Structures are given as structure tokens and as C-alpha cells.
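Shown next, in C-alpha cells, is the structure this report addresses.
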Amino acid sequence: MSEACQIARKQDLPPPGGYKPIPFQRLPAKQYFSGYTMFAMYIGITAVSAYLYNINAKRIAKNEIEMRSAKMAIYPMLLAERDREYLKQLRRNRDAEAELMRDVPGWEVGTYYGERVYKLVPPDTLIEPIFHEYYAHSSPTEWFRRAYHKLRC
Amino acid sequence: MSISPFLRNPVTDITGGLVSHQMLGSCQKQEIRYMDCLEAYGLDRGRVKCSELFEDFHECQTKTKQFKRFVAMRKERDRQIAEGKLKGDEKYLSPRIDSF
């Protein structure tokens, strides 16, 4: 048995010099900025960027005011132009109706076979037409162009 | 045609005039004339006496006569195109798109 103890065997021994000490303390994360620094940075960056933003915002506000004023200035003229075109078209419609229904028995221009649309008003009052009447003489293409205008834009 | 509730009192009058043409409508004049006539004569006599006013109001509300005019004109125009009386540029008269 003593001979067996003299054979060199591999054993799991501690490293030479012993084990190093085991670190068991907490390692907190590294803090680059403190809390006050962060607040100061936030306020500083906000102030600088607000200044830069305001330079441009003033210019844009001026442009918007200019554009709005221009639109308000020309709005009455555009409205007047539209009304004039509307009245001219009413006249053209009346002439076309007279031309079209010339040979239809019993038809008078502006009435429905002689029966006036509104009976208790003077005969020469302007009765504003409905869409169908305004577009009564138009081609189907133009009709649909106007009727579905909002879908196409 | 029942226009007013069976028992009229201030409580029913609160919401009585909510839906009418008086605020924004194009039929304001016709409606007020008809309602004044009805108020003067009541419903039974008013059916007979205010019939013309009612017809104007009904026409303003439903625009039936104006629509019938359109139907008649359109039919006549299609008939004339089919028989060949209107051709080419004479077929239709289209308004400008932004004028209505």
C-alpha cells in the first residue's frame, strides 16, 4: 500500500499561493452626470434651441399673415366673378330652354307646362335654380365633373 | 297632417320651434307665411284657406316642380338628339365648373 502512495497522481488542488479573495461588495453603475447637471443641461439645451426656433418662427408668421391678407383681399372679387358668371349662365340657360322647348305644346319658359313654380310671387322674380335645373342642358361629362368635384380633387 | 301637439302648454312650446326653416333656410319666407295663416285660421279651416301658401311652401321644401321641369327638358333634349335635330356642338350647353 505504501507503494501506491508514491505514484504521482493528478489532484484538484488550489492554485499556488492560494485563492484570491472573492469580491462580494455591490458595484454601482458609473454615473457620468449628477442630477443637477442633468437638469442644467436640459434647461440650457432648451433655451438655446428655443432661441434658434424663434428666429425662424417670426419669419414664418410674417409670411402666413401676408398670405392670409392677400386671400382676404381678393376674396370679394372672386366671389363677384363667380356671381357674374352664374347670372350669365342663367341667361344662357333661359335662351337654350326657349330654343329647345319651342315646339313642345303647353310649355312656357320658366314654368312647368304653364304652371309657375312659385305662384304667390310676381312673375318676373328670379327663382334660383336647383343643381339639376342649372345643369339641365349640360353634357353628362361636365355634370359629373361638377357633381363629383370633391372626390376628384 | 298634425303640426301641433294635442295639448299645447308652455312646456311643449319650449321645444316647439326647434326644427324649422327660420334660422338658415331658403324657405324662411314661405314657411312663416304659411304658419301665420295656419295660426290665424286654425288647422281645419286652414287646410282650405291656406292651400296656396301651402303649395308654395311645399314646393320650396321639396322642389318637385323644379325637378319635374328638369326631367321634361332633359327628355326633350335626348329625344331631339336621338332624332338628329341637335348635333355636334349644339347638343349640350355646359356651364363653367366653378360657377354654381
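Rule-based calculations on the coordinates, nothing more; no lab input. Not measured: the values here are computed from a predicted model. Methodologically, a virtual Cβ is constructed for each residue, glycine included, from the backbone with ideal geometry; neighbour enumeration extends over all protein chains shown.
The alpha carbons of segment B:61-100 occupy a box of 38, 25, 7 Å along the principal axes, longest dimension given first.
Between 0 and 90 degrees, the angle of helix B:64-83 with respect to the longest Cα principal axis of chain B falls at about 10 degrees. Ranking of B:I14, A:I7, B:I81 by neighbouring Cβ atoms within 10 Å, starting from the fewest: A:I7, B:I14, B:I81.
Hydrodynamic analysis of segment A:5-153 uses the Kirkwood radius over alpha carbon pairs. Inserted into Stokes-Einstein at 4 °C and 1.567 mPa s, it gives a translational diffusion coefficient of 50 µm²/s.
The C-alpha radius of gyration of the protein assembly as shown, expressed as a fraction of 2.2 N^0.38 Å, stands at 2.36.
When the convex hull of its Cα atoms is viewed from all sides, segment A:47-128 shows a mean projected area of 9.8 nm². In segment B:1-62, the inverse of the mean reciprocal separation of distinct Cα atoms equals 12.4 Å; this is its Kirkwood hydrodynamic radius.
By counting other Cβ atoms within 10 Å of each Cβ, how are A:F131, B:F6, A:F33 ranked from fewest to most? Walk me through the numbers before you get to the answer.
Numbers: A:F131 15, B:F6 6, A:F33 10.
Going from least to most buried by this count: B:F6, A:F33, A:F131.
Treating cross-link reach as a plain straight distance, find the lysines whose alpha-carbon is under 30 Å from the alpha-carbon of A:K20, omitting any fewer than eight places away in the same chain. Hits, sequence-local ones excluded: A:K10, A:K30. Taking a straight Cα-Cα cut-off under 19 Å and skipping sequence neighbours fewer than 8 places away in the same chain, the aspartates and glutamates within cross-link reach of A:K71 are A:E81, A:D83, B:D98.
With contacts taken as Cα pairs under 8 Å at a separation of at least 6 residues, chain B carries a relative contact order of 16 percent. Say the cut-off is 24 Å between C-alpha atoms; which of A:K119/B:K49; A:K119/B:K68; A:K88/B:K85; A:K88/B:K91; A:K119/B:K29 go over it? Too far apart for the 24 Å limit: A:K88/B:K85.
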